[in-house]
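Below is one structure, written out as structure tokens; comments come after it.
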Amino acid sequence: MYHNKSLTEKELLIDLLTSEKHLTVAYNNAIIQSPCPQLRQIYSDCLSNTQQIQFSLYNATEKRGWNKVNLASDREIKNMVKKYSNLI
């Protein structure tokens, strides 16, 4: 059954952002698995382009208030450094 409902700008941007995230994973896997240097370079170029697009989309969602980032406090950062410094 077909419904004539258009996606909102928010839905479109979030969908595009999610798609770009999946593409970066796919290109990265292709680079790792490719034995051909020329093909690896092509995939690397595609990955770089995809990352730039993803960042632009991310900025567009953040600008509209749809993707807020909670910044860690100095105390939280120090606690994480202390927690993981034992692993090195």
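Some notes on this structure:
- Counting the residues of the range 1-43 that are farther than 30 Å from residue 65 by Cβ and of a type in the set (Gly, Ala, Ser) gives 2.
- In the set (1) at pLDDT below 95; (2) among the charged types (D, E, K, R); (3) part of a helix (DSSP H, G or I), the condition left unmet by residue 68 is number (3).
- Restricting attention to the range 42-88, the residues that are aliphatic (A, V, I, L, M) and touching a residue at least 40 places away in the same chain (Cβ under 8 Å) add up to 2.
- Selection of the range 31-88 for residues being closer than 30 Å to residue 8 by Cα and of a type in the set (A, V, I, L, M, F, W, C) yields 46, 47, 53, 55, 57, 60, 66, 69, 71.
- The test for being closer than 11 Å to residue 17 by Cα, at pLDDT 95 or above and either surrounded by 10 or more Cβ atoms within 10 Å (Cβ to Cβ) or acidic (Asp, Glu) (or both) does not hold for residue 48.
- Of all residue pairs spaced 6 or more apart or on separate chains, none has beta-carbon atoms under 9 Å together with a first member in the range 15-41 that is farther than 23 Å from residue 56 by Cα and a second member that is at pLDDT below 95 and not in a helix (DSSP H, G or I).
- Members of the range 1-43 that are of a type in the set (Lys, Arg) and exposed (fewer than 12 other Cβ atoms within 10 Å of the Cβ): 5
The values are calculated or read from the model by the stated rules, or taken from the named source; none is laboratory data. Note that the structure is a prediction, hence the values are computed from the model and not measured. Don't worry about glycine lacking a Cβ; one is built from the backbone with ideal geometry, like all the others, and counts go over all protein chains shown.
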